[in-house]
Amino acid sequence: MTENPNRPSRRERAKADKQRRIMDAARALFAERGVGRVTTQQIADRADVAIGTLYLYAVTKAELLILVQNQKFENAIDDGLAAARRCQGDDTVGTVLALLEPVVGCIREHPENGRTYLNELVFGDPTETHRRTGLAIAVQLEEGIAGVLAGDVGITTSDAATLARVITSIIHVTTTASVYLPRTPPEILDQIRRQISVIVRPTRAA
């Protein structure tokens, strides 16, 4: 019987299964204990793979965290973009907040993991595969914010792009700085709203 040429080979299926088990193990352990209290050996043990096999998919624990969080971050951005589309016609700041609500929820679901993830993206090696993917996802967020701002008749396309970059910086600081760690996601969103309102108002006036 001729094998279907479009079906993945046995080797490819085995590789995909190992990656899935590693991802599931890392996701569960990071959620249960936080990235600081998880080792790569623990992840390998739960995934039932050799530590050397795990390193074929991610060399460090930080890369494993990024690999796991990238999926969650991208899903949150997709949810935010959908929420922003439903707010079309509402005030600009409110629409931006609708976009950001699931993103902040994702980052703050486990503050230690979200904080480590963002810091790894910003300060880690941008050429590493998983970080490069994460940075590309972050660009989607920035472009989404810029798109919302550009829909405001008082904001030029150029200013919208600049403001979006400023807002992503606000998100990073407000969701990861130690002084904000005790705050709930709604409190963080309110702080972000206040800051966005302040920077959008002068742009409109100009």
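Please determine, in degrees from 0 to 90 and to the nearest 10, the orientation of helix 111-123 with respect to the longest principal axis defined by the Cα atoms of the chain, where the helix direction is its Cα long axis.
Roughly 90 degrees, rounded to the nearest 10.
Counting only other residues whose beta carbon sits under 14 Å from that of Y117, what net charge do I get with K and R as +1, D and E as -1?
On the way: positive: R27, K61, K72, R108, R115, R131; negative: E63, E74, E109, E112, E120, E128.
Within the 14 Å Cβ shell, the charges total 0.
May I ask you to derive the relative contact order of the chain, considering only C-alpha pairs under 8 Å and at least 6 residues apart, and to give it as an integer percent?
Details: 189 pairs, mean separation 36.9, N = 206.
Computed over the chain, the figure is 18 percent.
Using alpha carbons only, how many degrees (0 to 90, rounded to 10) separate the axis of helix 129-150 from the longest principal axis of the chain?
Compared with the principal axis, the helix lies near 20 degrees.
Can you give me the distance in nm between label points at T184 and A82, each placed 7 Å from the Cα along the Cα-to-Cβ direction?
So the two model labels end up 2.5 nm from each other.
Across 10 Å bins from the origin, how do the percents of Cα pairs in segment 78-125 run, short distances first?
Going from the shortest bin to the longest, the percentages are 27, 36, 28, 9, 0.
With the dipole of the chain worked out from charges on the C-beta (+1 for Lys and Arg, -1 for Asp and Glu) around the Cα centre, which of G80, M23, L54 lies farthest toward the positive end?
L54
For Q71 and E32 in one chain, what is 0.36 nm times their gap in residues minus the Cα-Cα distance, to one decimal in nm? Intermediate values should be presented prior to the final figure.
Values: separation 39, 0.36 × 39 = 14.04 nm, distance 1.79 nm.
Working it through step by step, the gained length comes to 12.3 nm.
Send over the per residue convex hull volume for segment 59-206, Cα only, as a whole number of Å³.
Working: hull volume 14.9 nm³, N = 148.
Value for segment 59-206: 100 Å³ per residue.
Which value, in Å to one decimal place, does the Kirkwood hydrodynamic radius take for segment 22-146 when every pair of different Cα atoms is included? Write out the running numbers ahead of the final one.
On the way: mean 1/r = 0.0654 Å⁻¹.
Final number for the Kirkwood radius of segment 22-146 is 15.3 Å.
Report ³J(HN,Hα) in whole Hz for each residue of segment 28-41, in order, from the Karplus equation J = 6.51 cos²θ - 1.76 cosθ + 1.60 where θ = phi - 60°; Gly and Pro get x.
Calculated HN-Hα couplings, in order: 5, 5, 4, 5, 6, 10, x, 4, x, 10, 10, 10, 5, 5 Hz.
Using the alpha-carbon atoms, what tilt in degrees (0 to 90, nearest 10) does helix 185-205 show relative to the longest principal axis of the chain?
The helix 185-205 is inclined about 50 degrees to the chain.
Return the calculated 222 nm mean residue ellipticity for the chain, to the nearest 500 deg cm²/dmol, obtained by summing -39500 (n - 2.57) across DSSP H runs with n ≥ 4 and dividing by the residue count. All intermediate terms of the calculation are to be shown ahead of the outcome.
Details: 9 runs with 158 residues, N = 206.
Value at 222 nm, helices only, nearest 500: -26000 deg cm²/dmol.
For the chain, what is the accessible area per residue in Å² when the probe is 1.4 Å?
On the way: 11170 Å² over 206 residues.
So the chain comes to 54 Å² accessible per residue, rounded to a whole number.
Using a Förster radius of 30 Å, what is the FRET efficiency between R193 and A136 based on their Cβ-Cβ separation? Nearest 0.05, please. Walk me through the numbers before you get to the answer.
Numbers: r = 27 Å, r/R0 = 0.90.
Between R193 and A136 the formula returns 0.65.
Taking one equal scatterer on every alpha-carbon of segment 137-199, how large is log10 of I(q)/I(0) by Debye at q = 0.13, 0.15, 0.18, 0.30 1/Å?
For the requested q values the scattering log ratios are -0.37, -0.48, -0.66, -1.25.
Carbon-plus-sulfur fraction of the accessible area of the chain, 1.4 Å probe, in percent?
Values: 5910 of 11170 Å².
Here it works out to 53 percent.
Rounded to the nearest 0.05, what FRET efficiency do N119 and R201 have when you use their Cβ-Cβ distance and R0 = 30 Å?
Working: r = 30 Å, r/R0 = 1.01.
Calculated transfer efficiency: 0.50.
The values are calculated or read from the model by the stated rules, or taken from the named source; none is laboratory data. What you see is a predicted model, and the numbers here were worked out from it, not measured in a lab. Backbone-built Cβ (ideal geometry, glycine too); neighbour counts: all protein chains shown. Remember, those area values only see protein heavy atoms, side chains included, never the ligands or the DNA or RNA. Shrake-Rupley method; radii C 1.70, N 1.55, O 1.52, S 1.80 Å.
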